1. I'm trying to understand the selection: among the residues of segment 34-54, which are outside any helix (DSSP H, G or I) and modelled with pLDDT of 95 or more?
2. Which residue is nearest to the chain's Cα centre (by Cα), if the candidates are limited to segment 57-112 and must be among the hydroxyl-bearing types (S, T, Y) and in a helix (DSSP H, G or I)?
Amino acid sequence: MPIVRATTRGRRPRIRPSGARREETGQRRVKISVTMQAGVLEAIDEEARARGTNRSRLIDEVLAAWRTEQRRQALARQYTTPLTPAQQEESAAWDAIHDVAAAEMLADAADR
């Protein structure tokens with residue numbers, strides 16, 4: 001990726017990859033090129049117009065929502081997948097440690 005110098009008006013120049021932009025969120029945006037079916041692109045453009053935004057912003061929003069949903073599903077799987085015998089054993093060990101610590105805290109509180 002070629003490197004370009006940002007204008008600095010007398011300050012030390014910042015070096016950044018060409019095509020990179022910073023958004024209001026402070027995250028760097030990078031220009032990419034993708035190939036897709038013409039009908040898909042037309043649907044994207046229609047939806048962008050309906051939302052009053054541009055193609056890039058729409059794709060960015062849709063992919064961010066998809067990523068959030070993927071993370072939610074991964075968490076759901078993590079909590080709904082049955083534990084293996086080894087995990088059950090580890091969980092029982094942590095429960096025992098918790099019980100001992102709680103009993104010690106209650107005993108210390110009673111001694112005061």
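The values are calculated or read from the model by the stated rules, or taken from the named source; none is laboratory data. Bear in mind the structure is a predicted one, so any value in this text is a computation, not a measurement.
1. Step one: list which residues in segment 34-54 are outside any helix (DSSP H, G or I), which gives 34-37, 52-54.
Scanning segment 34-54 gives T35, M36, Q37, G52, T53, N54.
2. Our first condition is that a residue be among the hydroxyl-bearing types (S, T, Y); within segment 57-112, this holds for 68, 79-81, 84, 91.
Then keep just the ones that are in a helix (DSSP H, G or I); that gives 68, 79-80, 91.
Working: T68: 7, Y79: 19, T80: 21, S91: 28 Å.
Out of the qualifying residues, it is T68.
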